[in-house]
Amino acid sequence: MADSRLSRRSLLKYLGATGATTTIAGCPGNSGTSEGGNDAGDTPTETPERTPSETEEDTQTETPQDMTNMVTLLHDTHVGGRLGPVEADDNENIESYFGLMDRLEQSGRTLRLGVGDDLGSSALSTEFEGKHVVDPFEAGNLSHNTFGNHDFDFGPDVLRTRVSETEEFRWVSANTDEPTGEVFAKAEGAERFDIIELAEGEVSVGITGVLTPRAEEVTSLGDAVVRNPTDALNQVVPEMRDAGADVVVVLSHVSNDRARTEIAPNVNGIDVLVGDDAAEKFDEAVEINDTVLSFVGDEYDFLGRVTLDINEGTIQSVDRTVYDVSEESIQPNERVKEVADSYRSQVDTTVIGESTVQLNCVSEDLRTGETNMGNFVADSIRAELDSDLVIQNGGGIRTNTLYSPGDITDFLIRQVLPFGNTTAELEVDGQTLHNALENGVSDVESLEGRFPQVSGMTFDWDPSASPGDRIAPSDITVNGSQLSMDETYTLGTNGFMADGGDGYEMLTSASRTDNGGTDLAQLVIARIQDQTPISPEVGGRIARL
């Protein structure tokens, strides 16, 4: 049996997603939901105990008699560069999110934690490259943050600048490095970990963070290096303990699946891990190998609170509550609102045209099949470049929204296409095109952004086949003719893909033509202005066998 921490952890008490109390020992089974209040004065609804199969330990809940040192973790950000609408009816904006944190704050005992993917990517991100998020975070007294893949969307130098401008919170990362091997942005103020004293100096909390290794494919890392998060934490967590940390907290920008199956089982000494690159919300906390894992989605939908009761440096109990922000009575944080409004006021809300049909920008649709907005963007690139065909990654089209027919604003299109991508044209042979399409459908099960939205071509694909063998060359046509593996075609795309992003490494060796360089969002805006009203359709370009 492991040390006394395992026995202690097997008696932890959790609050479920809506305030329900659940007793957990070891790993979780299926999560559940129950109705109940969230405020401190509410009486939670008890749910039946359940005993996971991974442990034979006693699962009786114990409540320590002397809860002398309570520490509260409020998490997490992962806001995607968005500030949320002013005076949102559902509270889902940055000033209400921090206003809820204000309500839950216990002075001298609370940390406000981010988990990355905060600086990009939105229309405001394109304009301000993340400064529009750092400033309200500072006004809202965020304490720590880590790097997410979208924080690198404008390249490592921009992120270093944002770190250097941060004065009120600390950036931490265990596995994101400079080429020298130091923590990324060390010179600008980032650290491997930070230790902060809470509860009048009675509790030392160590905080570090991890970035998903898939950042190498999905963002613009430049010279930054991402190491295996499990290996990095096995190095850093003991250093945190040696430096005096009573409690170790990991800000996680890896998927919850990786956190549950790779990190938690294989790294000893982590007390709490919060955050999820996959942005899923778990109704209940998870416990694996003495580590409590809390996942609350992304943006401003939910806020997590993890409360630790600590006695003489040892955690006695852990309570976890998830707040549905839209259902809470919240007084917005006025300082945060003032800063956020200073950026919102610079948004261009000019109407540029209208659509007579719904515009499908739903992420799952863009990452699994043909959509009318995907077609419109791809057609816009093809019209500008006069290429034989176009491949646009579905993940480059954002907002996860099905828009009703009506007016289209400049700001809306910059939200839909927020990355600052420019057009590019390549000369490729048929074999390279086939390889590119195979890459595009290779990881559809994970809803990766590489799925191809196309123009000037059609293809059929078989999701039941193995990755790399899902598209027969005979099932690909270019401008009505079957793909020739030896023929050379001009391929229109965006600069991110041309540089190998989203797994399109096969395009990096292709010759570039002189065409391209146009800002993609501006290109689509101009096409809408020229063709309004628009009525893009789905026309059988992509077929699932």
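The values are calculated or read from the model by the stated rules, or taken from the named source; none is laboratory data. From a predicted model like this one, the values you see are computed outputs, not experimental measurements. We work out accessible area using only protein heavy atoms, side chains counted, and drop any ligands, DNA or RNA first. Shrake-Rupley method; radii C 1.70, N 1.55, O 1.52, S 1.80 Å.
The amide H of residue 408, built 1.01 Å from its N in the peptide plane, has 352, 353, 354, 355 as neighbours under 5 Å, considering only residues 5 or more places off or on other chains. Per residue, segment 148-197 exposes 39 Å² of accessible surface when a 1.4 Å probe is rolled over the protein heavy atoms with every protein chain present.
Above 17 Å lies some portion of the pair distances; for segment 174-273, what is it as a whole percent of all C-alpha pairs? Display every interim value, and only then the final one.
On the way: 2529 of 4950 pairs.
Distances greater than 17 Å cover 51 percent of the Cα pairs.
The alpha carbon centroids of segment 341-356 and segment 281-317 are separated by 39 Å. Computed from backbone phi, the HN-Hα couplings of segment 289-301 come to 6, 6, 10, 8, 10, 10, 10, 10, x, 9, 6, 10, 6 Hz, rounded to whole numbers (Karplus: 6.51 cos²θ - 1.76 cosθ + 1.60, θ = phi - 60°; Gly and Pro given as x). Taking every C-alpha pair closer than 8 Å and separated by at least 6 residues, the mean separation divided by the residue count of the chain gives a relative contact order of 15 percent.
Determine the equivalent ellipsoid of segment 81-236 by diagonalising the alpha-carbon gyration tensor, then write out the semi-axes as square roots of 5 times the eigenvalues, largest first, rounded to whole Å.
Numbers: eigenvalues 123, 96, 31 Å².
Semi-axes from the Cα gyration tensor: 25, 22, 12 Å.
By the rule of a C-alpha distance below 12 Å, with chain neighbours fewer than 8 residues away ignored, the aspartates and glutamates paired with residue 186 are 177, 178. The value of relative contact order for segment 187-329, using C-alpha pairs under 8 Å at least six residues apart, is 17 percent. With the gyration tensor restricted to C-alpha atoms of segment 97-180, the semi-axes of the equivalent ellipsoid amount to 23, 16, 10 Å, longest first. Proximity of backbone amide H atoms, modeled 1.01 Å from N, is registered between residue 69 and 310 at under 5 Å, excluding neighbours fewer than 5 places apart on the same chain. The residues of segment 83-147 expose, per residue, 28 Å² of accessible area to a 1.4 Å probe. Taken over segment 244-395, the percentage of Cα pairs per 10 Å bin, counting from 0 up to the bin with the maximum distance, is 9, 23, 24, 23, 14, 6, 1, 0.
Using the alpha-carbon positions of the chain, Rg (one decimal) and Dmax (whole number) come out as 24.4, 77 Å.
Solvent exposure of segment 300-439, expressed per residue, is 36 Å² of accessible area, with all protein chains present and a 1.4 angstrom probe. Of all beta bridges that DSSP places with both ends in the chain, some 70 percent have antiparallel geometry. For segment 417-422, putting each phi into the Karplus relation 6.51 cos²θ - 1.76 cosθ + 1.60 with θ = phi - 60° gives couplings of 10, x, 8, x, 5, 10 Hz, in residue order, rounded to whole numbers and with x for Gly and Pro. For segment 408-545, averaging the sequence separation of C-alpha pairs within contact (under 8 Å, six or more residues apart) and dividing by the residue count gives a relative contact order of 40 percent. Calculated mean residue ellipticity at 222 nm for the chain: -6500 deg cm²/dmol, from DSSP H runs with n ≥ 4 weighted as -39500 (n - 2.57), summed, divided by the residue count and rounded to 500. Share of carbon and sulfur in the accessible area of the chain stands at 41%, probe radius 1.4 Å. D by Stokes-Einstein for segment 341-404, Kirkwood Rh over Cα pairs, 20 °C, 1.002 mPa s: 159 µm²/s.
For segment 461-545, rounded, prolate or oblate, judged on the Cα gyration tensor with a ≥ b ≥ c (square roots of eigenvalues), a/c < 1.5 rounded, else prolate if a/b > b/c? Verdict is oblate for segment 461-545.
One Cα centroid belongs to segment 233-268, the other to segment 85-141; the line between them spans 25 Å.
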